[in-house]
Amino acid sequence: MSIILIGFMGAGKSTVAKLLSDDFIDLDKMIEQQIEMPISTFFDLFGEDDFRQVEQEVFEAAIHMNFVIATGGGIVENAGNLDVLGFQTQVVYLKSDFDVLWQRILKDDKNQRPLAKNKEFARKLFEKRAPVYEEVADLVIVVDNKQPDKIVQEIRDWQGNL
Ligand code: S3P
């Protein structure tokens, strides 16, 4: 079974995945290998619908590898992905307030996020997605002001009790 980390942009999914396992998959990186360009360039050239199509294909391939998977924040935008998440038993939602996430997004200059160019647009996305993350999650961890090590420990403790 894979551990699948979900949550909005800036929640720390990749950082936590890396700490959980050396064999982690960063879905955005896997997508960039497949499309051979940065995600932001792909959005500019082909748009979001085509991106979601590739994201779904890559996610379905990744799920069979039984690794820790850090998903992109929009993984819940696609009905097929929601079906896949529904069958998984270790979906972990890294939950945070929008304002905390927005500050982290602003500080992160390594990632060009095409859907985070405008704060109000991003807030609306967050408000639409937040209930869906909750719905598909098997474990919800509030990550505000929490060190990644502590988050990893909470996930391990939870797994130990499964
Ligand atoms: C997206 C989030 C990004 C990336 C793409 C779209 C989204 O991943 O997949 O820019 O729709 O929220 P992160 O959540 O890792 O930033």
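The values are calculated or read from the model by the stated rules, or taken from the named source; none is laboratory data. Every value quoted in this text rests on a predicted model; they were computed, and no experiment measured them. Cβ placement follows ideal geometry from the backbone for every residue including glycine, while neighbour counts extend to all protein chains displayed. Quick note on the areas: whole protein, heavy atoms, side chains included, nothing else; ligands and nucleic acids left out. Shrake-Rupley method; radii C 1.70, N 1.55, O 1.52, S 1.80 Å.
Full extension of the chain segment joining residue 127 with residue 109 gains 4.1 nm, where the gain is 0.36 nm per residue of separation less the Cα-Cα distance. Under a 5 Å amide H cut-off, with hydrogens placed 1.01 Å from N, residue 25 pairs with 68, 69, 70 among residues at least 5 apart or on other chains. Note on residue 110: lysines with a C-alpha under 16 Å away, same-chain residues under 8 apart excluded, are 13, 29. Membrane-span-like helices in the chain, defined here as complete DSSP H runs extending at least 27 Å along the helix axis by their C-alpha atoms with mean Kyte-Doolittle hydropathy no lower than 1.0, are absent; this is a sequence and geometry rule, not a statement about a membrane. Computed about its Cα centre, the charge dipole of the chain is approximately 560 debye, with only Lys, Arg, Asp and Glu carrying charge at their Cβ. Using 0.36 nm per residue and subtracting the Cα-Cα separation, the extra length available between residue 117 and residue 156 on full extension is 10.6 nm.
Here the sum of -39500 (n - 2.57) over DSSP H runs of 4 or more residues, divided by the residues of the chain, equals -17000 deg cm²/dmol at 222 nm, to the nearest 500. The simple Förster model, with R0 at 25 Å and r as the Cβ-Cβ distance, assigns residue 146 and residue 64 a FRET efficiency of 0.20. By accessible area, using a 1.4 Å probe on protein heavy atoms only, the stretch 1-95 has 49% of its surface on carbon and sulfur. Dividing the mean sequence gap of close Cα pairs (under 8 Å, 6+ apart) by how many residues the chain holds gives a relative contact order of 35 percent.
Inter-part distance, the stretch 1-58 to the stretch 93-162, computed on C-alpha centroids, equals 14 Å. Mean silhouette area of the chain, derived from the convex hull of its C-alpha atoms and averaged over all directions, reads 8.8 nm².
A Förster radius of 22 Å, combined with the Cβ-Cβ distance separating residue 88 from residue 57, puts the computed FRET efficiency at roughly 0.80.
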